[in-house]
Amino acid sequence: MMMAGGSSKNHVLPVSSMGLERADSLHPKPSSSALTKRGAYAALSYMTCAVLLVMFNKAVLSSYKFPCANVITLLQMICSTSILYVMRRWKIISFTMGESYTASADSSTSLVPMETLLHTLPLALSYLLYMLASMESVRGINVPMYTAIRRTTVVFTMIVEYLLTAQKYSSSIIASVAVIVFGAFIAGARDLSYDFHGYAIVLVSNIATAIYLATIARIGKSSGLNSFGLMWCNGLICGPILLLWTYFRGELGTTVNFSYLYSPGFQAVMLLSCIMAFFLNYSIFLNTTLNSAVTQTMCGNLKDFFTVGIGWLLFGGLPFDLLNVIGQALGFLGSGFYAYCKIKGK
């Protein structure tokens, strides 16, 4: 992934600067500012990771009928936290702005101060809700309808950003969002597999996603942490909570007795899901801080073109319907118009 640049004197992974270039993150400028080249790379990286992760998660939950979505989230957190720890000890990354990579790896003190962990608590809790809701929402409905409803996330994101930062948007941006929402309603008008519970979970996931993305932009700069540091704090706070949750719900015992637990295919898909979740979380932080929460949401809409196509071929679940095709096309059209406005700075 080609992301925000790091020091040319160190062979390290790039991290989001979130410094002077993002000094306005608490009071952002109108979202009509043009998309930078670095921001475009972050957006493309996110879209690639998101498509692959949805496919892996869908395979685990549907193809293998794994009943414990929360366990998948827990394993993804453990995997991400382990990768971060190893990379930091190997001097590949740091967790804070301006921190020496050598000093960060050789330090015997805690990886991040306790006050920093407490400062990122709202971000971690919103991340936990986002992860749990997103994982469960994939199970309930077919992939094409999942992507159609998820496209309405942008409305919730705009509302949350307005409430937190008084962010306002141009008429062209609002028009593109209106087209997306209208297309989502058209796509779902004749869904023959309608499931109220599944639809409700996706809407909850939309709200959780909006809160999470807005919280990244609000807490990211003030915490003094880079993208890796924020991911580390999320894992430290959410991991123990989720471990207790899965234990008391009996999901850990169910996982131990799962019939495909020792199947090489199931293990491979689960491992790929965990690894891809790490890259996805990193690209979400980077895309949101380099661009904006709304741009991050729109990137999610644009990548749905590939998600729908691949999901339809691999998992099916939705008979061909002209109304659905029209609705999907309107959603992609609105997302494309938003991207055009951002690139041109309109």
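The values are calculated or read from the model by the stated rules, or taken from the named source; none is laboratory data. None of these values were measured; they are calculated from a predicted model. Every residue, glycine among them, receives a Cβ derived from its backbone with ideal geometry; neighbour counts consider all protein chains shown. Side chains are part of the model used for accessible areas, which takes the heavy atoms of the whole protein and leaves out ligands, DNA and RNA. Shrake-Rupley method; radii C 1.70, N 1.55, O 1.52, S 1.80 Å.
Structure notes:
- Surface listing: 115, 251 arranged by accessible area from highest to lowest gives 115, 251, probe 1.4 Å.
- Low-density loop positions, trypsin sites (Lys or Arg not before Pro), the stretch 214-288 - DSSP coil, at most 15 other Cβ in 10 Å: 249
- Heavy atoms of residue 87 accessible to a 1.4 Å probe, total area in Å² rounded to 10: 20
- Residue 245-residue 162 FRET efficiency (beta carbon distance; Förster radius 25 Å; 0.05 resolution): 0.20
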